[in-house]
Amino acid sequence: MPQDSSININSGGAQQNAYDAIVIGSGISGGWAAKELCEKGLKTLVLERGRDVKHIKDYPTANLAPWELKHRGSITRETQLRNPLISRAAGYGEDDQHFFVNDDDHPYIQEKPFDWIRGYQVGGKSLTWGRCTQRWSDFEFTGPQRFGYGWDWPIRYADVAPWYSHVEKFIGVCGSKDGLEAMPDGEFLPPFELNCVEQHLKESILKNYGNRYLVHARWAHLTHPDQVHIDQGRGQCQARNLCMRGCPFGGYFSSNSSTLPWAEKTGNLTVRPFSVVHSIIYDEQKQKASGVRVIDTNTKQATEYFAKIIFVNGSALNSNLILLNSTSNRFPNGLGNDSGLLGKYICHHNYRGWMNGEIDGFTDTYYYGRNPTDAIIANYRNLHTIDTDFVGGYTTYCGARRDRNNGESCPQQIGAAYKESMTEPGGWTVYAYLQGETIPKEKNHVRLSPDKKDQWGIPLLITSVEYDDNDEKLLNDFFVQTEEMFSKAGVKNIEHWDSKQAPGLDIHEMGGCRMGSDPKSSVLDKWNAVHACKNVFVTDGACMTSTGNQSPSILYMTLTARACNYAVEEMKKGNV
Ligand SMILES: Cc1cc2nc3c(=O)[nH]c(=O)nc-3n(C[C@H](O)[C@H](O)[C@H](O)COP(=O)(O)OP(=O)(O)OC[C@H]3O[C@@H](n4cnc5c(N)ncnc54)[C@H](O)[C@@H]3O)c2cc1C
């Protein structure tokens, strides 16, 4: 059998290590699988490669003032030199670096530059995510097939709409109902207010274009908690904008504050930290998966755990790695890889476009609190027809803020008057950034190294992902259109720049295990089950058939909840 014979396995007695369900990974999607399966009465084992992180207790910096942090929140030169890759991640700082991996501990091989951003701990990246949660519309589900740049999804918006509602009500999403075709409404808590400049931009854009809409984006923040949030032990968002440290109020959604404790209350949950899943075990006789091989990250002892269904939620690239490493006589090239497509069509979002400008006036108005959200201009490109020289759409995040008065206008750059001038707020700055769809391509792939392994004997992942000409055109359109919209609204001194960042730094890793109706051109069916191994479900970003232009995590939660419901129904019928 093509398994790693160097592993000394402690099966612990099949009985003792047997559960109804195993969930690999405890991040955003794994937390949802745990909640849904435990609520439905399944004894569920969550395997997490990282350490445990308990809500509140394990947020050591949550309440520190800047002067209580040794370097006022900045990372040291030494940290930067030791972690050149992970320290590029958005928001990485002295106050939250403990929720990101260290570069040296978790190597991988970049055939082409790819910044793989990871948070290995209970809760995964749910602790540090940006919390933006728009729904997909049918434009995204159908675009790739309608315009011939990708494969068709086996599902439509109507299939997931009720599951979006299910997720939104539980996690708490703030936003306004805008009635936009390109960005469907959901179950919203009240939004944060647009400030006066954002309101001005909104009106100007609508007046000048008629079909472009600047609205509140949707965010997983409790602006006004419902009973279900209070029952989770969570409270109102305090607008501190210190979210990435972990929120002691539970003001934003994370697995740690929400799904995992909820699952635990059922009495059906077991979480095993420090447990890296090496591979999934395939039972050749029963023709289904029977469990997983796990390596204790501290002792390096291997153990097997068994279950009737397995949910793979390691985050897209790790889920690809686990499946590629799950070889057997039936699946010599990775579990479910009959099509040869496993690990291919890896994709990401185009986050290269950034813009800043200034706007005069509005100096009699200020705002209160540190709003942790941005506004959004919903995608207006390539909806009904292709109306540009590229395919796919993009979302424009934007906003306005009053900067600190740096005393530049004060004639003397010293003394009481200078200090006094700095207590006044400065002028308004307007900003925007791009989140663009990318085209899934076969050549953008991950595969296993044939000879290099990590400290647990698991093959290193090789990443081979790059931009294409479509990304350049889309980026250029963002610059031209956003500059025009801002100029028409009176924004001046506009600067824009291409960050030229490597794929991966967008932290929206997707694909490799895509959903589809035809097993010849996809790995997963419409319920996220592996076509050729129906008791294994992949419901994180690996399942994505295309990228759309919206932040993806709420779709992973939605597909997870939907797949859990299906899996349990199938179990009841004796089909898995
Ligand atoms: C700074 C930042 C901002 C972001 N902003 C947004 C946003 O605004 N909106 C949005 O939609 N998304 C955002 N994201 C992305 C979002 O965090 C991810 O899409 C989401 O966390 C993916 O969920 P997941 O369950 O697939 O993976 P994760 O949350 O990463 O969880 C995966 C878990 O699996 C564990 N694991 C991996 N491999 C194994 C293994 N072999 N064995 C056992 N355990 C394993 C990991 O340790 C981890 O805990 C952001 C991310 C970051 C870091």
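The values are calculated or read from the model by the stated rules, or taken from the named source; none is laboratory data. Predicted, not measured: the structure shown is a model, and the values here were computed from it. Cβ placement follows ideal geometry from the backbone for every residue including glycine, while neighbour counts extend to all protein chains displayed. Surface areas here come from the heavy atoms of the whole protein model, side chains and all, with no ligands, DNA or RNA. Shrake-Rupley method; radii C 1.70, N 1.55, O 1.52, S 1.80 Å.
Could you work out the percent of alpha carbon pairs in segment 310-401 separated by over 18 Å, rounded to a whole number?
Value for segment 310-401: 69 percent of Cα pairs lie more than 18 Å apart.
Within the chain, what's the longest stretch lacking chymotrypsin sites (Phe, Trp or Tyr not before Pro) that sit in DSSP loops with no more than 15 other Cβ atoms inside 10 Å?
By the stated rule (loop sites, at most 15 other Cβ atoms within 10 Å), 148-365.
Any idea how far apart Lys286 and Ile386 come out in nm if each label point goes 7 Å out from Cα toward Cβ?
Result: 4.8 nm between the two label points.
Here are some pairs, Lys125/Lys308; Lys35/Lys125; Lys308/Lys526; Lys344/Lys534; Lys169/Lys520; Lys441/Lys500; which of them have Cα atoms lying more than 29 Å apart in this structure?
Result: Lys169/Lys520 exceed 29 Å.
Straight-line reach only, C-alpha to C-alpha below 24 angstrom: list the lysines that Lys207 could link to, leaving out same-chain residues fewer than 8 apart.
Hits, sequence-local ones excluded: Lys177, Lys488, Lys492.
Let a ≥ b ≥ c be the square roots of the eigenvalues of the Cα gyration tensor of segment 24-115; is it rounded (a/c under 1.5), or, if not, prolate (a/b larger than b/c) or oblate?
The shape class here is oblate.
So if a site counts as exposed when it's one of the GluC sites (Glu not before Pro), its DSSP state isn't H, G, I, E or B, and it has at most 10 other Cβ atoms within 10 Å, what's the longest stretch of the chain without one?
The answer is 1-407.
Using the scaling law 2.2 N^0.38 Å as the reference, what is the normalised Cα Rg of segment 67-154?
1.51
Would you work out what percent of the accessible area of the chain, with all protein chains in place, is carbon or sulfur (probe 1.4 Å)?
Looking at the chain in its full context, I get 49 percent from C and S.
Describe numerically, in nm with one decimal, the distance between label points set 7 Å from Cα along Cα→Cβ at Tyr209 and at Glu68.
In this crude label model, Tyr209 to Glu68 measures out at 4.3 nm.
With r defined as the distance between the Cβ atoms of Leu180 and Asp451 and R0 fixed at 60 Å, what FRET efficiency is calculated, to the nearest 0.05?
0.70
How high is the FRET efficiency from Lys500 to Thr142, r the C-beta distance, R0 35 Å, rounded to 0.05?
0.65
Once the piece of chain linking Glu424 and Lys572 is laid out straight, how much longer is it, given 0.36 nm per residue of separation minus the C-alpha distance between them?
Full-extension gain reported as 46.7 nm.
How large is the charge dipole for segment 121-176, taken about the Cα centre, if only the Cβ atoms of Lys, Arg (+1) and Asp, Glu (-1) carry charge, to the nearest 20 debye?
Rounded to the nearest 20 debye, it is 200 debye.
Could you work out the relative contact order of segment 461-576, using alpha carbon pairs under 8 angstrom and six or more residues apart, expressed as a whole percent?
18 percent
Summing +1 for each Lys or Arg and -1 for each Asp or Glu, what net charge is found among the other residues whose Cβ lies under 10 Å from the Cβ of Ala375?
That sum, taken over residues with Cβ under 10 Å, equals -1.
Lys/Arg Cβ at +1, Asp/Glu Cβ at -1, dipole of segment 451-516 taken about the Cα centre: which of Trp456, Phe478, Ala489 is farthest positive-ward?
Farthest towards the positive pole: Trp456.
Based solely on C-alpha atoms, express the radius of gyration and the Dmax of segment 250-390 in angstrom.
23.5, 75
Expressed as a rounded percentage, what relative contact order does the chain have, with Cα pairs under 8 Å and six or more residues apart?
22 percent
Pull out a ≥ b ≥ c, the square roots of the eigenvalues of the alpha-carbon gyration tensor of segment 172-228, then state rounded if a/c is under 1.5, prolate if not and a/b is larger than b/c, and oblate in the remaining case.
oblate
Could you tell me which of rounded, prolate or oblate describes segment 110-152, using a ≥ b ≥ c as the square roots of the eigenvalues of the alpha-carbon gyration tensor, with rounded for a/c under 1.5 and, failing that, prolate when a/b is larger than b/c and oblate otherwise?
Cα axes put segment 110-152 in the oblate bin.
Scattering from the C-alpha atoms of the chain alone, worked out with Debye: what is log10 I(q)/I(0) at q = 0.09 1/Å?
-0.68
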